[in-house]
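Engineer: Provided herewith is a single structure, encoded as structure tokens, for subsequent inquiry.
The values are calculated or read from the model by the stated rules, or taken from the named source; none is laboratory data. Quick caveat, the model's predicted, so the values are computed rather than measured. Every residue, glycine among them, receives a Cβ derived from its backbone with ideal geometry; neighbour counts consider all protein chains shown. Accessible surface is based on the protein model in full, side chains and every heavy atom, while ligands, DNA and RNA are left aside. Shrake-Rupley method; radii C 1.70, N 1.55, O 1.52, S 1.80 Å.
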Amino acid sequence: KSQQRISTKPTSPCYEATMSSGQEVGEIFGDGSGPAMSLLRSPTVIIAAVGLWGMNVYLFRLFGIDYVHVLTFDLMKEKEASSRRDGENKEDDNTGIAGTAMTNRNTKSSKRRANSPGDSNNLGNSADNEVTAGKLIVFSLSLLLILHMSTVIWIDFIGGSAIGAIFIFYLAVIVGILLPLPSTAWIRTACKTIFHRTFELINPRCFCCGTGMPRAIPFIDVFFADACCSLSKVFFDWGMLWHLAWHYPEPVPMELHSIIIPSVAASLPYFIRARQCLVMYTIGAMKSDAKKYQHMLNAIKYSTSLWPLVVSAYQKTITNEKEKVALEAFLIILLAINSTYSLAWDITMDWGMMQNTCAGGAIGGETKSHTSYAHSVLRPKLRFGAPTSIGILFIDIVLRYSWVLRFWENDLFPNADIYILCTQFLEAIRRALWNLLRVEWEHIKQNKGKEEEAPADVEMMEQKPFLAPKSRSMSPIDRKPKSLQHKQKS
């Protein structure tokens, strides 16, 4: 009975799914109870992303990369700079009332940023709140069980609709998280951090009514926004859920306005990421940075992800078959451009590979001797080892072009829903592997000039994983700015 309900789908041509990658929109038009079943993909993909992040946490610890420090490094530098400014202002307290008022305002704003409940440095202020790989994997499995139970109970036993089952799942998860249980305290802390970083994504980085340098985008926000780009289809499905619930049980009208809201939702991560690039370009221009053009090129890269969304959304409203075929060919060209551009950026910029000079690649103006050809071609430092890095590189190349599965959709997949779910899973896997080399490269850049010259057997050391100590606590109590720690010691 449940299977019959789930597989029910009209056979009208307007229900033919064309989704094949994160840059295309999915299906929306039709009976509210039909396409709603495809909405079960979104929570499934989110659950998979949580489990894959658990894999990332485990591998970071296994290979001795303190991902906590890497993600919060820019925030700590910002706090140190703010603390120095506060100290300078306090020295000028006797200059007048205006100076005192300004100091108080700066101090209060600094304390608000440092003690914000959603600050990334507040991810875990005790062992119970620490985010570990085991907790993430258990949490993802629990979510999968809740999703299965909510759909079975609501559809099979109660006889409700698929939309109701989806809302029941989200409600059950929210209630479970909000229950004041000690075992779920780390989840509540992590959710606060996610909400705070989400606010920072849309928070202006400059003061429109004043003058001064815009605030630089910290790496954690860049990392978070990139992760949201891989979940673009989830945002589309959330917009689709709103439409289906609004029109339920009537069909969603096949009109342009019906596709705008889900498509805009799917485009938000790319708009946010492009805006971050423009902010950094503005900062680079104000500082006369010779490499500011890289931020503009990065913004153009994210714009290439928006065009397939626009074309695919418009394609849903077209009834003329000839025009659909022409748009399909144009869409394939756009997808090829986006995949190639993004792949080149992954390798050279996000991972720092295949460059003439790399961070840590030279000391005192002399290039280190490389122990393998892989180190010479990719980069001198490969913390995960040459074989693993090459494997991740190869998989990323393949998955960047996963949209080509659209040409064999009918031969490989029993229905369109399975095909779309497969492409979403492939993108989640690609992002998880991308995370490894991205955090590794950021770690290398942050430690440039601080590490001693690696020994001759550096390659053998890289290939031997070990269980490093757990990442330092993200609590602001345990991870104070160095300037404050120095003052306390003195």
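Engineer: Carbon and sulfur together cover what percent of the accessible area of region 248-327 at a 1.4 Å probe radius?
Structural biologist: 67
Engineer: Here's a follow-up. Work out from phi, with θ = phi - 60° and the Karplus expression 6.51 cos²θ - 1.76 cosθ + 1.60, the ³J(HN,Hα) of each residue of region 46-61, listed in order in whole Hz, and give x for Gly and Pro.
Structural biologist: 4, 4, 5, 5, 5, x, 5, 5, x, 4, 4, 4, 5, 5, 4, 5
Engineer: Calculate the FRET efficiency for HIS148 and MET349 from the Cβ-Cβ distance with a Förster distance of 60 Å, rounded to the nearest 0.05.
Structural biologist: 0.90
Engineer: Enumerate the calculated ³J(HN,Hα) couplings along region 72-87 in order (Karplus 6.51 cos²θ - 1.76 cosθ + 1.60, θ = phi - 60°), each rounded to whole Hz, writing x wherever the residue is Gly or Pro.
Structural biologist: Per-residue couplings from phi come out as 9, 4, 5, 5, 5, 5, 5, 5, 5, 5, 5, 5, 5, 5, 4, x Hz.
Engineer: Ignoring ligands, DNA and RNA, how do THR72, THR388, THR317 rank by accessible area with a 1.4 Å probe, largest first?
Structural biologist: Ranked list, largest accessible area first: THR388, THR317, THR72.
Engineer: Go through LYS79/LYS135; LYS301/LYS324; LYS233/LYS324; LYS77/LYS291; LYS291/LYS445; LYS233/LYS316 and tell me which ones have a Cα-Cα distance over 18 Å in this structure.
Structural biologist: Violating the 18 Å Cα-Cα cut-off are LYS79/LYS135; LYS301/LYS324; LYS233/LYS324; LYS77/LYS291.
Engineer: Return the FRET efficiency for the residue pair ALA172, TYR373: r is the Cβ-Cβ distance, R0 is 60 Å, and the value is rounded to the nearest 0.05.
Structural biologist: Using R0 = 60 Å, I get an efficiency of 0.70.
Engineer: If you roll a 1.4 angstrom probe over the protein chains with everything in place, what fraction of the accessible area of region 150-231 belongs to carbon and sulfur, to the nearest %?
Structural biologist: On the way: 3290 of 4170 Å².
After summing per-atom areas, the C and S share lands at 79 percent.
Engineer: Under a 1.4 Å probe, what is the accessible area of region 164-207 per residue, stated in Å²?
Structural biologist: Per-residue accessible area for region 164-207 comes out at 57 Å².
Engineer: I need the phi-derived Karplus couplings for region 415-428: 6.51 cos²θ - 1.76 cosθ + 1.60, θ = phi - 60°, integer Hz, Gly and Pro marked x.
Structural biologist: So the J values, rounded to whole Hz, are 8, 5, 4, 5, 4, 5, 4, 4, 5, 5, 5, 4, 5, 5.
Engineer: Here is a further query. Between ALA245 and ILE318, what is the label-point separation in nm under the 7 Å Cα-to-beta-carbon projection?
Structural biologist: The modelled label-to-label distance comes out at 3.3 nm.
Engineer: Now for a different question. Modelled label-to-label distance, VAL325 and LYS287, 7 Å Cα→beta-carbon offset: nm?
Structural biologist: Each label point is offset 7 Å from its Cα along the Cβ direction, giving 5.4 nm.
Engineer: Which FRET efficiency value, to the nearest 0.05, is calculated for ILE332 and GLN294 with the Förster distance at 25 angstrom and r the Cβ-Cβ distance?
Structural biologist: 0.30
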